[in-house]
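S.K.: To start, I am sharing the structure in question, which I have written as C-alpha cells.
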Amino acid sequence: MSRKVIKQVSLFFIFLFFLISLFACGSGEVSTYREQTPSTSSEPSETLDTTGSAPPASITWKSCYQNYECGVVEVPIDYQGPSLETIQIDLIRIPASTDPSLGPLLINFGGPGASGTEIVSMYGSLWEFAFPEFDVIGFDPRGVGKSAQVQCPFEPDNDQQSVFEEGEDLSELYKQAEEYAKACIEMSGDLARHIGTNNVARDMDRIREALSVDQITYLGYSYGTRIGAVYASLFPDHVRAMILDGPVSPTDHVSSFTPIQGQGFETAWSRFAQSCDNDRSCPLNQYGGAEEAFNIVDETLKVSNFLVDGGRELTRGEFMLGTASALYSPFTWPDLINGFVAMIENGDGSIHQELADQLAGRREDGSYDNSQAVLFLVNCADDPKRPSKEFIKEAVDEVADQLPHFGPAIRGDTGCAGLEESIDPLHIGQADLEIPALIIAMEGDPATPIAWGPGLVDSIGNAVLISSDGDGHGAFLTNSECVTEVVFRYLTELVVPRNGWSCEEP
C-alpha cells in the first residue's frame, strides 16, 4: 500500500464525522440544505477595494495541545473602514515535519459554521501524518467558534412545525421568521452585517500576511469551496494551489429557489434505496423495500411523533432531516436502515433523532452551537436579493412540488425574510491563477450536486474539474478512494490532471 493510500485510509473515518456534524449545518428542517448555496453579484461590490489603512497583520503564537501552536489575528470588522473596529480570528498551526516545507495549508471544513481550530486540534496526529510537507492551519471564520461570534435564538426542541403541505397558511411562519431575523441582528450586533464570505476571504489574506508568506495552499470542502473561489478572484497571486471539494454553484443562492440541491438529496435517496433493494440481506426488504419503509414512517408521523431516548420526540421534520443526514456518506447508510427498522418495529425514533441532532449542532448537554446563526447570516449576507413574501411562497411551492420525499420540509423555507439588503453580496470573479484550481465532484453527492461543478469551473476561469462515480458529500480523504493519488500529486507536486478526468470507485 502506497504512502498516500495509507493516509487516505487513516483519515477516512475522521472525515466522516466532519461531514455529518459540520458540513451540513441545519436548522432542524430539511429546507436548510442550502447551507452550501452561495450567491453572486454580477458586479464587484464597493468593499472589494480595501483602503489599505489597516495595521499590519501579526500573530503571536503560543504552545497549545502539547505539540501545536495557537494564536489570533486582528482583522477589520469592516474592510471599508479598517482603521476602526477590529475582531479576532482564532487559529491553530501544526508545523510541517519536513524541511524545507511547502508552506501553509489553510483548511476550511464547510458549513458555514464549522470550527477549523476544533477539528484540527481534535485530530492533530492524523493531520501530521497526512500533510507532513505543510504547516496545517485551521481557523475559525468570523462568526464561528472561538473567533468573534454571531448569535441567533435557536430552540428546536420545542417541536414547532417544520413541514407543510401545499396550500397551508404560512402567515404565522413568516411572522416568526421576521422576529427571528430581528433577534439575530440584536444579538449579533454589527458583525451580522459584515459576516459574508467576501470578508472571510479577506481575513484569510490577513492570515497569509501575518504568516509572512507570499502564497498559501488551500483545501476547502463544501461551503469552503465558496470561500476558496472568492479568495482566488480577489488574491490570485497569493495562491500556490487550491483544492475545492464538493463545489457550490456561483449562481445558486438563497433567493434563487432552484430545485437542484433538493434534487441532489432525492438522487442520493434513490441511490441508497436501489442499493438496499438490490441487497437481499437489507432489512428494509421485509417491508417492501426502502421506498415503502419511507412511506410507512412518513404516514405514521403525520399522525403522531415517535418517542426518543431521554423523553424527547421525533417529529416528521426531524425524520426528514435525519434521513438527509445519513445520506451524506454511504458509511452511514447502515444507521439509516437501523433507524427505519427501529421506528417501524418499535416506534423508536432515537437513531434518526441523533442523526438530525448532528446537523442541527446539538451538543451532548442538550445545548446547541451557533452554527445555525452563522448559516443564516452568512448565506443572507452573500445574497444580493430580497424577494417579496409572495414571490418566495410561489417559488418554494414550485421547488417542493419537484421533491417527492423532502418537499414538505422545503415548503417551510422563508429565505432571508426580515433581513435588510446585503451591503456586500458575494462576488466570484475570474481568477488569474499560476496553477489552476482543482475542483472535485461526486456523482452521488446529495448536498453539492455534481451539476454545480462546471459552473464553478467557469466562474473561476482557471480551474479543472475531476469527478468520481461514488456516493456521499465530499471526495478527497472522505468518500472516495479513486481520487486520492491524483489529488495528492496536485497538492504536493503541482501536477494538474486534465479537465474532465473521472474515476470509478473500487
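S.K.: Any idea which residue in segment 350-371 is surrounded by the fewest Cβ atoms within 10 Å (Cβ to Cβ), counting only those that are within 17 Å of Cys152 (Cα to Cα) and among the aliphatic types (A, V, I, L, M)? It would help to see each step written out before you state the result.
M.R.: Filtering segment 350-371 down to residues within 17 Å of Cys152 (Cα to Cα) leaves 359-363, 366-371.
After this cut, where a residue has to be among the aliphatic types (A, V, I, L, M) as well, the list is 359-360.
Numbers: Leu359: 29, Ala360: 25.
Step by step, filter segment 350-371, then rank; the result is Ala360.
S.K.: Looking only at segment 359-404, which residues are among the small types (Gly, Ala, Ser) and out of contact with any Ser or Thr (no Cβ under 6 Å at 6 or more places or on another chain)?
M.R.: Scanning segment 359-404 gives Ala360, Gly366, Ser367, Ser371, Ala373, Ser388, Ala395, Ala400.
S.K.: Now a separate question. Taking the condition closer than 30 Å to Thr315 by Cβ and of a type in the set (A, V, I, L, M), does Ile392 pass?
M.R.: When the stated conditions are applied, Ile392 passes them.
S.K.: A follow-up question, please. Taking into account only those residues within segment 389-408 that are of a type in the set (Asp, Glu) and over 16 Å from Val254 (Cβ atoms), which is surrounded by the fewest Cβ atoms within 10 Å (Cβ to Cβ)?
M.R.: Ranking the qualifying residues of segment 389-408, first place goes to Glu390.
S.K.: Looking at Tyr174, Tyr180, can you tell me which residue is among the aromatic types (Phe, Trp, Tyr) and within 30 Å of Asp309 (Cα to Cα)?
M.R.: None of the others qualify; the one that does is Tyr180.
S.K.: Being closer than 30 Å to Thr448 by Cα and not in a loop (DSSP other than H, G, I, E, B) is the filter here; which residues of segment 54-113 pass it?
M.R.: Ile89, Asp90, Leu91, Ile92, Arg93, Ile94, Pro104, Leu105, Leu106, Ile107, Asn108
S.K.: Check Asp413, Asp432 and return the single one that is crowded, with 23+ Cβ neighbours inside 10 Å and assigned to a loop (DSSP other than H, G, I, E, B).
M.R.: Asp413
S.K.: If we scan segment 184-193, do we find a residue that is modelled with pLDDT of 95 or more, under 24 Å from Leu359 (Cβ atoms), more than 21 Å from the chain's Cα centre (by Cα) and surrounded by fewer than 19 Cβ atoms within 10 Å (Cβ to Cβ)?
M.R.: Checked against the condition, which is being modelled with pLDDT of 95 or more, under 24 Å from Leu359 (Cβ atoms), more than 21 Å from the chain's Cα centre (by Cα) and surrounded by fewer than 19 Cβ atoms within 10 Å (Cβ to Cβ), segment 184-193 yields at least one hit.
S.K.: Would you call Leu377 within 23 Å of Met442 (Cβ to Cβ), in contact (Cβ under 8 Å) with a residue 12 or more places away in the chain and either in contact with a strand residue (DSSP E or B) (Cβ under 9 Å, 6 or more places away or on another chain) or crowded, with 23+ Cβ neighbours inside 10 Å (or both)?
M.R.: For Leu377, the condition - within 23 Å of Met442 (Cβ to Cβ), in contact (Cβ under 8 Å) with a residue 12 or more places away in the chain and either in contact with a strand residue (DSSP E or B) (Cβ under 9 Å, 6 or more places away or on another chain) or crowded, with 23+ Cβ neighbours inside 10 Å (or both) - is not met.
S.K.: Another question about this same structure. Being in contact with a helix residue (DSSP H, G or I) (Cβ under 8 Å, 6 or more places away or on another chain), over 21 Å from Glu266 (Cβ atoms) and of a type in the set (Gly, Ala, Ser) narrows it down to one residue among Ala342, Ala326; which is it?
M.R.: That would be Ala342, the only listed residue that is in contact with a helix residue (DSSP H, G or I) (Cβ under 8 Å, 6 or more places away or on another chain), over 21 Å from Glu266 (Cβ atoms) and of a type in the set (Gly, Ala, Ser).
S.K.: For Gly145, which of the numbered conditions (1) assigned to a loop (DSSP other than H, G, I, E, B); (2) at pLDDT below 95; (3) on the phi < 0 side of the Ramachandran plot; (4) under 20 Å from the mean Cα position of the chain (by Cα) fails to hold?
M.R.: All conditions are met except number (3).
S.K.: Counting only residues that are of a type in the set (S, T, N, Q) and without any contact (Cβ under 8 Å) to a residue 40 or more places away in the chain, how many does segment 432-461 have?
M.R.: The qualifying residues number 0.
S.K.: Are any of the residues in segment 484-501 crowded, with 16+ Cβ neighbours inside 10 Å and within 19 Å of the chain's Cα centre (by Cα)?
M.R.: No, the conditions are met nowhere in segment 484-501.
S.K.: I want to confirm something. Restricting to segment 114-142 and keeping residues that are charged (D, E, K, R) and in a helix (DSSP H, G or I), which single residue is surrounded by the fewest Cβ atoms within 10 Å (Cβ to Cβ)? Spell out the reasoning first.
M.R.: To start, the set of residues in segment 114-142 that are charged (D, E, K, R) comprises 118, 128, 133, 135, 140, 142.
Those still in the list that are in a helix (DSSP H, G or I) too: 118, 128.
Values: Glu118: 19, Glu128: 16.
Among those residues, the one meeting the criterion is Glu128.
S.K.: Only one of Met320, Met343 is in contact with a strand residue (DSSP E or B) (Cβ under 7 Å, 6 or more places away or on another chain), in contact (Cβ under 8 Å) with a residue 12 or more places away in the chain and within 21 Å of Pro408 (Cβ to Cβ). Can you tell me which?
M.R.: Met343
S.K.: Just to be sure I understand, how many residues within segment 444-480 are among the charged types (D, E, K, R), surrounded by fewer than 19 Cβ atoms within 10 Å (Cβ to Cβ) and not in a helix (DSSP H, G or I)?
M.R.: Count: 1.
S.K.: One residue is enough: does segment 222-230 have a residue meeting the conditions in contact (Cβ under 8 Å) with a residue 40 or more places away in the chain, closer than 14 Å to Leu377 by Cβ and in contact with a helix residue (DSSP H, G or I) (Cβ under 8 Å, 6 or more places away or on another chain)?
M.R.: yes
S.K.: Filter segment 86-112 down to the residues that are modelled with pLDDT of 90 or more and under 25 Å from Ser422 (Cα atoms), then identify the one that is surrounded by the most Cβ atoms within 10 Å (Cβ to Cβ).
M.R.: Here the answer is Pro112.
S.K.: Would you say Asp469 is charged (D, E, K, R), out of contact with any helix residue (DSSP H, G or I) (no Cβ under 7 Å at 6 or more places or on another chain) and modelled with pLDDT under 95? Walk me through how you get there before you give the answer.
M.R.: Details: charged (D, E, K, R): yes; out of contact with any helix residue (DSSP H, G or I) (no Cβ under 7 Å at 6 or more places or on another chain): yes; modelled with pLDDT under 95: no.
Considered against the rule, which asks whether it is charged (D, E, K, R), out of contact with any helix residue (DSSP H, G or I) (no Cβ under 7 Å at 6 or more places or on another chain) and modelled with pLDDT under 95, Asp469 comes out as no.
S.K.: Here is a check on your reading of the model: is Asp382 crowded, with 20+ Cβ neighbours inside 10 Å, modelled with pLDDT of 95 or more, under 18 Å from the mean Cα position of the chain (by Cα) and at negative phi?
M.R.: yes
S.K.: Still on this structure, I have one more. Consider Ser255 against the criteria (1) under 14 Å from the mean Cα position of the chain (by Cα); (2) at pLDDT below 95: it satisfies all of them except one. Which criterion is unmet?
M.R.: Of everything listed in (1) under 14 Å from the mean Cα position of the chain (by Cα); (2) at pLDDT below 95, Ser255 misses just condition (1).
The values are calculated or read from the model by the stated rules, or taken from the named source; none is laboratory data. Worth saying up front: this structure is predicted, and the values here are computed from it rather than measured. Note that each Cβ is placed from the backbone with ideal geometry, even for glycine, and that neighbours are counted across all protein chains shown.
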